[in-house]
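The values are calculated or read from the model by the stated rules, or taken from the named source; none is laboratory data. All of these numbers come straight from a predicted model, not from anything done at the bench. Here the Cβ positions follow ideal geometry from the backbone for every residue, glycine too, while neighbour counts run over all protein chains shown.
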There are 2 protein chains.
Amino acid sequence: MEYRRIKDEKEIDGDLIEKDIEGLHGKPLSSVPVNHIASLGGNSVNWSKLKLKSIVTVALTLLTSSQAILIVWSKRAGKYEYSVTTANFSVEALKCALSLLALTRIWKNEGVTEDNRLSTSLDEVIVYPIPAALYLVKNLLQYYIFAYVDAPGYQILKNLNIISTGVLYRIILKKKLSEIQWAAFILLCAGCTTAQLNPSSDHVLQTPFQGWMMAIVMALLSGFAGVYTEAIIKKRPSRNINVQNFWLYVFGMVFNAVAILVQDFDAVMNEGFFHGYSLITVCMILNHALSGLAVSMVMKYADNIVKVYSTSVAMLLTAIVSVFLFRFHLSLAFFLGSTVVSVSIYLHSIGKLQR
Amino acid sequence: MEYRRIKDEKEIDGDLIEKDIEGLHGKPLSSVPVNHIASLGGNSVNWSKLKLKSIVTVALTLLTSSQAILIVWSKRAGKYEYSVTTANFSVEALKCALSLLALTRIWKNEGVTEDNRLSTSLDEVIVYPIPAALYLVKNLLQYYIFAYVDAPGYQILKNLNIISTGVLYRIILKKKLSEIQWAAFILLCAGCTTAQLNPSSDHVLQTPFQGWMMAIVMALLSGFAGVYTEAIIKKRPSRNINVQNFWLYVFGMVFNAVAILVQDFDAVMNEGFFHGYSLITVCMILNHALSGLAVSMVMKYADNIVKVYSTSVAMLLTAIVSVFLFRFHLSLAFFLGSTVVSVSIYLHSIGKLQR
């Protein structure tokens, strides 16, 4: 029972993580002005881009894996009673504030330009609420899928996101993956699932048809939101990422405010907005905000494929770090899954060269 | 308990299967005279070769998977008490007889030539006992490894054969595999192991150092024997495969005769050579003999890499057929492992084209 309780609680927090990782909002972690890099010529641009891409990918991987570790840590510290919706709102607000802070610095150094001004046109901004709305629908579905699947089973089914992201990336962004990269993507999904196998995983095979359908729809929603965010951010490459983030987060705040009103209005009114917050809650919110910013950077300077690989590696890193921190035991399935994921990463890079 | 019992018993028979699959002795299943095919010109030779290669590969896959099914079947029918060494000897003798039968037909149709005459030189025949001797050493080691690993753990460790075969194939036969094919080979090993995972598999991680060393040595012996057999058979391509098989099996008979003397001399003297044989034992011996011939054909017309893929696919086929025959349940790990193996096969063929 204890195990199940922790699992379920972790799941609830899973929403928080996922919402933020998949919130796909970002701001440069360093204050390197993007326009400055873009204005450099030829090779140095490519180098800077590659460097930037590597930095944001590593940052995303480390932040994502530390996120999961923070959650385990907070669970070990005892049950906490804050409302998840206010935490989500705080994350959005923090990201919004950080984006504005970065913008004020850029304005001071470079002045206000067409690309970094905050004001926008209806044409530009009208697509920004779409990812947030998609996540809202997905998160609502999440309450219903648990009628068909248990929490560990849902963790397994969530790996369908990997496939849906690849398929939608191909369809919506019209970017081709080579045959080898497709093979690598299927392996990434199989490897991640293998690494998460535990003795009760087989239950997932008994998932009824409705459960499968909901899992597939949720994977498509999540994949679509990610790919759509990339499309929005990449549509105008010269546009400052902080402005793009600002607008994404504004709508994130609006949707989370609605969630507070619907779900936790009474609790917030009676016990206050920050009821139940502890130091670890604050750390988690900070971490989620930074991860969100890293995701957004990956969308700007890399793509959804890199994001999927990054979060998969983070999952493996989390398990390895947990061995030292919490004396977790690594299973044979974990080693096999990690091997398959490693080969998948290798094949993905090989596939890129051979394209 | 029932499940575990079957697993363990299957293990004991595993030796019999493996010994024969790895006996690497063969004879054409069809009586197509090899020299006849070789004498056809240009494209039709390539076509015939590809067809022959496909036929022997499919035959090996089907025979290997039906082998495992026969074993489960015989277990269901009740425990049998025949001596494994006499069964092994019978398999070698049967293969020897079938090779001679095929040879007499060829002599009648084509007359005796330099390539199909049975008489041989010391130079040619001196290497033939080496594979049989290697297997003998490996089978002796098998008795000692169980001091360190349990039977299901040994099944898992046996997948190291895949890697050792690839490495020795590269070193001894000096045939290159492309980067993608190496990746595919690692995946094949990981996929096969994943497909065999069960809740007790994690024990294998507690294998002591000596156990690991023995498993690695055994994998190397087994891989070396396979690759060496291929080297022997391929050394003189025009030599009739039935003659090559005849000499391989003669030494197989000699080594198995020694094994009978050492292990089962008393039982054979007191109860007779064929004591405890049933219809199913005869079927199994027939099946093992045909599988051995198919392995030999694969060595002649394809290679050890094809053999490894073929026996891996056979393992998956066996599990799927067992679902229908014995109402086995397929685990999620099986599906994941099968996916990885399938991708591995795909990558192997892609890797060949891109080489």
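Quick one: is B:Ala87 assigned to a helix (DSSP H, G or I) and free of Cβ contacts under 8 Å to residues at least 12 places away in the same chain? Judged against the criteria, B:Ala87 is not a match.
Evaluation of A:Leu197 against the conditions (1) assigned to a helix (DSSP H, G or I); (2) touching a Ser or Thr at 6+ places or on another chain (Cβ under 9 Å) shows that the sole unmet condition is (1).
Consider the stretch B:207-228 and keep the residues that are in a helix (DSSP H, G or I), over 28 Å from B:Thr339 (Cβ atoms) and not hydrophobic (A, V, I, L, M, F, W, C). The one that is nearest to the other protein chains (Cβ to nearest Cβ) is B:Gly211.
Of the residues that make up the stretch B:305-322, is at least one modelled with pLDDT of 90 or more and of a type in the set (Lys, Arg)? Yes, the conditions are met somewhere in the stretch B:305-322.
Condition test on B:Gly23, is it at pLDDT below 50 and either in contact with a Cys (Cβ under 7 Å, 6 or more places away or on another chain) or farther than 28 Å from B:Ala319 by Cα (or both)? Criteria not met by B:Gly23. The set of residues in the stretch B:175-204 being surrounded by fewer than 24 Cβ atoms within 10 Å (Cβ to Cβ), at the interface with chain A (Cβ under 9 Å from one of its Cβ atoms) and more than 20 Å from B:Phe334 (Cβ to Cβ) consists of B:Glu179 alone.
Remark: B:Asn159 matches the filter, which requires a residue to be within 14 Å of chain A (Cβ to nearest Cβ), out of contact with any strand residue (DSSP E or B) (no Cβ under 8 Å at 6 or more places or on another chain), under 29 Å from B:Asn245 (Cβ atoms) and not hydrophobic (A, V, I, L, M, F, W, C).
Can you confirm whether the stretch B:201-223 contains a residue that is under 30 Å from B:Val254 (Cβ atoms) and acidic (Asp, Glu)?
no
Every residue, every condition in (1) facing chain A (nearest Cβ under 10 Å); (2) in a helix (DSSP H, G or I); (3) not polar (S, T, N, Q), yes or no:
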{"position": "B:Tyr309", "(1), (2), (3)": "no, yes, yes"}
{"position": "B:Met315", "(1), (2), (3)": "no, yes, yes"}
{"position": "B:Ser322", "(1), (2), (3)": "no, yes, no"}
{"position": "B:Leu325", "(1), (2), (3)": "no, yes, yes"}
{"position": "B:Phe335", "(1), (2), (3)": "yes, yes, yes"}
{"position": "B:Thr339", "(1), (2), (3)": "yes, yes, no"}
{"position": "B:Lys352", "(1), (2), (3)": "no, yes, yes"}
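Within the stretch B:274-292, the set of residues being part of a helix (DSSP H, G or I) and surrounded by 17 or more Cβ atoms within 10 Å (Cβ to Cβ) comprises B:Ile280, B:Thr281, B:Met284, B:Ile285, B:Asn287, B:His288, B:Ala289, B:Leu290, B:Ser291, B:Gly292. A search for C-beta distances below 6 Å between a residue of the stretch B:120-140 that is under 19 Å from B:Phe89 (Cβ atoms) and any residue that is at pLDDT 85 or above and small (Gly, Ala, Ser), counting only pairs 6+ apart in sequence or on different chains, returns B:Pro131/B:Ala225; B:Ala132/B:Gly252; B:Leu134/B:Ala225; B:Tyr135/B:Ala225; B:Lys138/B:Ser222. Between B:Val149, B:Val137, the distinction of being within 14 Å of chain A (Cβ to nearest Cβ), over 20 Å from A:Ser342 (Cα atoms) and of a type in the set (Val, Ile, Thr) belongs to B:Val149 only. Scanning the stretch A:299-339 for residues that are of a type in the set (S, T, N, Q) and touching a Phe, Trp or Tyr at 6+ places or on another chain (Cβ under 8 Å), which turns out nearest to A:Thr229 (Cα to Cα)? This residue is A:Asn304.
Here B:Lys300, B:Lys307, B:Lys235 are screened, and the one residue that is under 30 Å from B:Leu50 (Cβ atoms) and either in contact with a strand residue (DSSP E or B) (Cβ under 8 Å, 6 or more places away or on another chain) or loosely packed, with under 15 Cβ neighbours inside 10 Å (or both) is B:Lys235. Loosely packed, with under 14 Cβ neighbours inside 10 Å, within 14 Å of chain B (Cβ to nearest Cβ) and at negative phi, is that true of A:Asn109? The answer is no for A:Asn109.
For (1) in contact (Cβ under 8 Å) with a residue 40 or more places away in the chain; (2) part of a helix (DSSP H, G or I); (3) at positive phi, each residue gets a yes or a no:
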site	(1), (2), (3)
B:Gln181	yes, yes, no
B:Phe185	yes, yes, no
B:Cys189	no, yes, no
B:Ala231	yes, yes, no
B:Arg239	yes, no, no
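Residues that are part of a helix (DSSP H, G or I) and of a type in the set (D, E, K, R) were ranked within the stretch B:133-174; the one that is surrounded by the fewest Cβ atoms within 10 Å (Cβ to Cβ) is B:Arg170. Apart from one condition, A:Val295 fits all of (1) of a type in the set (Val, Ile, Thr); (2) buried (at least 23 other Cβ atoms within 10 Å of the Cβ); (3) within 9 Å of another protein chain (Cβ to nearest Cβ); (4) under 30 Å from A:Val45 (Cα atoms); the exception is (3).
Does A:Ile345 satisfy the condition of being closer than 29 Å to A:Tyr169 by Cβ, at pLDDT 95 or above and assigned to a helix (DSSP H, G or I)? Give the steps one after another, and end with the answer.
Numbers: closer than 29 Å to A:Tyr169 by Cβ: yes; at pLDDT 95 or above: yes; assigned to a helix (DSSP H, G or I): yes.
Taking the combined requirement at face value, the residue satisfies it.
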